[in-house]
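Trainee: I have a structure I would like to understand better, so I am pasting it below and will then ask my questions one at a time.
The values are calculated or read from the model by the stated rules, or taken from the named source; none is laboratory data. Worth saying up front: this structure is predicted, and the values here are computed from it rather than measured. Cβ placement follows ideal geometry from the backbone for every residue including glycine, while neighbour counts extend to all protein chains displayed. Please note that ligands, DNA and RNA were not included when accessible areas were found on the heavy atoms of the full protein model with its side chains. Shrake-Rupley method; radii C 1.70, N 1.55, O 1.52, S 1.80 Å.
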Amino acid sequence: MSKVDETVQDLYDEVVARNPGEAEFHQAVREVFDSLGPVVARHPHYADAGIIERLCEPERQIIFRVPWVDDAGRVRINRGFRVEFNSALGPYKGGLRFHPSVYLGVVKFLGFEQIFKNALTGLPIGGGKGGSDFDPKGRSDGEIMRFCQSFMTELYRHLGEHTDVPAGDIGVGGREIGYLFGQYKRITNRYESGVLTGKGLSWGGSQVRTEATGYGVAFFIREMLRARGTDFDGRRVVVSGSGNVALYAIEKVHQLGGRVIACSDSAGYVVDEEGIDLDLLKQIKGVERGRVSDYAALRVGAARFVSSGSIWDVPTEIAIPCATQNELTEADADRLVGNGCAIVAEGANMPATREAIKTFAKSTVAFAPGKAANAGGVATSALEMQQNASRDSWSFEYTETRLADIMRGIHENCLRTADEYGSPGDYALGANIAGFTHVADAMLALGVI
């Protein structure tokens, strides 16, 4: 092991020791550290100035009790989190996740990833993340409203359009953002629309924000294909998940000429060789809140539902994991490689395990990490902030063009950085180093704070 590798390993060991039991956070740090050897070798001042240690330690970690009353009159208690990780480039920016799996380690992993993702957009936003172990599934609108109001009653004191700007994530959509913003406005007596993004179009929201993460992934893949001298034309695509990101990734892939043949939910996956009927899927998932098995039942003879195995068993040229962290394992990666998959682009946050990423690196598969490929959501949130600050509203077409330009810029930055550091075509290394150096240079300029 070289001296540089020893330095990076020692720093990682310190992170693990300081943050015991936070497996997801350790994984996110490890994946970035895997790329930092060439940076430290060429620019040792980053290590000498303690930049790496500071990047791994949040500027602020907020944990609080969220009491609320359910429809039966029973008092419920959940735990709320907001990790304000790094503000060297701008106010903390990152979503709120409401899901039973949320604990400090998950929020820290998401916040750490957000630092580099936000830096790659080139927009002036820092990194943060938050949420709660509250499960909105099966809850009435009244219960969700009371929970959101209680959650914001504590969180509001830490927010501001120049301080910390949350958005939505898993379990937090337009309904929840509305309740959260309403309580913020009520408490502060200010219509500070730039304090939350993902708002409704009639009260400060941005066109394309709903579609942005899914559209952004498709735009990024288009650039990856162009770099190989080709395009989406007729290519088989598999998208895991069937939530917001998956739905709009499917929509934009179809618009760009690809053919999505499979998607999934927690009960299994559906295969439709003719191409997923997006209108039907949106009705089932977005309106009826049904399952992908319902899609297969309505597409008798055209689609089949599979309740066992993995969606990555389906042969595909392009794979877009859009469900959740660590959904794509080493065994899944082996199958994708064996079936001739050419591109894997992460629509979710850290959906591929470290072992899966290593498998792709040893193959001809082009792998795009989430911090690059799914940055379209936060990029469009930053565009929403711009519109709020200027009291302006942009058209769908103009906003979508801005999003496409940002994703093109991220792609170019990743490839350019990978070339600069001697690993042509390595999107993971390019994304990690480009994001890191952007934030690190800002931290150096601001001094030891």
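Trainee: Output the number of residues of region 271-285 satisfying the condition of being under 22 Å from residue 327 (Cα atoms) and of a type outside the set (D, E, K, R).
Mentor: 3
Trainee: Give just the number: which of (1) assigned to a helix (DSSP H, G or I); (2) in contact (Cβ under 8 Å) with a residue 60 or more places away in the chain; (3) open to solvent by 40 Å² or more (accessible area, probe 1.4 Å) does residue 13 not satisfy?
Mentor: (2)
Trainee: In addition: Among the candidates 268, 258, which residue alone is under 20 Å from residue 323 (Cβ atoms) and either modelled with pLDDT under 95 or touching a Lys or Arg at 6+ places or on another chain (Cβ under 6 Å) (or both)?
Mentor: On the way: 268 fails: either modelled with pLDDT under 95 or touching a Lys or Arg at 6+ places or on another chain (Cβ under 6 Å) (or both).
Answer to the selection: 258.
Trainee: Being assigned to a loop (DSSP other than H, G, I, E, B) and in contact with a helix residue (DSSP H, G or I) (Cβ under 9 Å, 6 or more places away or on another chain) is the filter here; which residues of region 16-34 pass it?
Mentor: 19, 21, 22, 34
Trainee: Please go through region 77-103 and pick out each residue that is without any contact (Cβ under 8 Å) to a residue 40 or more places away in the chain and part of a strand (DSSP E or B).
Mentor: Within region 77-103, just 77 meets the criteria.
Trainee: Return yes or no: is residue 225 open to solvent by 10 Å² or more (accessible area, probe 1.4 Å) and of a type outside the set (Gly, Ala, Ser)?
Mentor: Here the answer is no, as residue 225 does not meet what is asked.
Trainee: A further question on this structure: It is to be established whether one or more residues within region 353-373 are acidic (Asp, Glu), assigned by the TED database to the domain that holds residue 251 and in a loop (DSSP other than H, G, I, E, B).
Mentor: No, region 353-373 contains no residue that is acidic (Asp, Glu), assigned by the TED database to the domain that holds residue 251 and in a loop (DSSP other than H, G, I, E, B).
Listed here are the residues, each with its yes/no results for (1) surrounded by fewer than 23 Cβ atoms within 10 Å (Cβ to Cβ); (2) assigned by the TED database to the domain that holds residue 269.
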site	(1), (2)
173	yes, no
180	no, no
196	no, no
206	no, no
229	yes, yes
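Trainee: Let me ask something else about it. Quick one: residue 213 ticks every box in (1) of a type in the set (S, T, N, Q); (2) open to solvent by less than 40 Å² (accessible area, probe 1.4 Å); (3) modelled with pLDDT under 95 bar one, so which box is it?
Mentor: So the condition that residue 213 fails would be (3).
Trainee: Another question about this same structure. Quick one: how many residues across region 86-113 are of a type in the set (S, T, N, Q) and touching a helix residue (DSSP H, G or I) at 6+ places or on another chain (Cβ under 7 Å)?
Mentor: 1
Trainee: Out of all the residues in region 104-148, which are part of a helix (DSSP H, G or I), surrounded by fewer than 19 Cβ atoms within 10 Å (Cβ to Cβ) and of a type in the set (D, E, K, R)?
Mentor: Selection gives 141, 143.
Trainee: Let me ask you something else. Please go through region 332-387 and pick out each residue that is under 22 Å from residue 168 (Cα atoms) and more than 21 Å from the chain's Cα centre (by Cα).
Mentor: Of everything in region 332-387, just one residue is under 22 Å from residue 168 (Cα atoms) and more than 21 Å from the chain's Cα centre (by Cα), namely 387.
Trainee: Residues that are surrounded by 24 or more Cβ atoms within 10 Å (Cβ to Cβ), within 13 Å of residue 208 (Cβ to Cβ) and not assigned by the TED database to the domain that holds residue 34: does region 407-427 have at least one?
Mentor: Taking every residue of region 407-427 in turn, at least one turns out to be surrounded by 24 or more Cβ atoms within 10 Å (Cβ to Cβ), within 13 Å of residue 208 (Cβ to Cβ) and not assigned by the TED database to the domain that holds residue 34.
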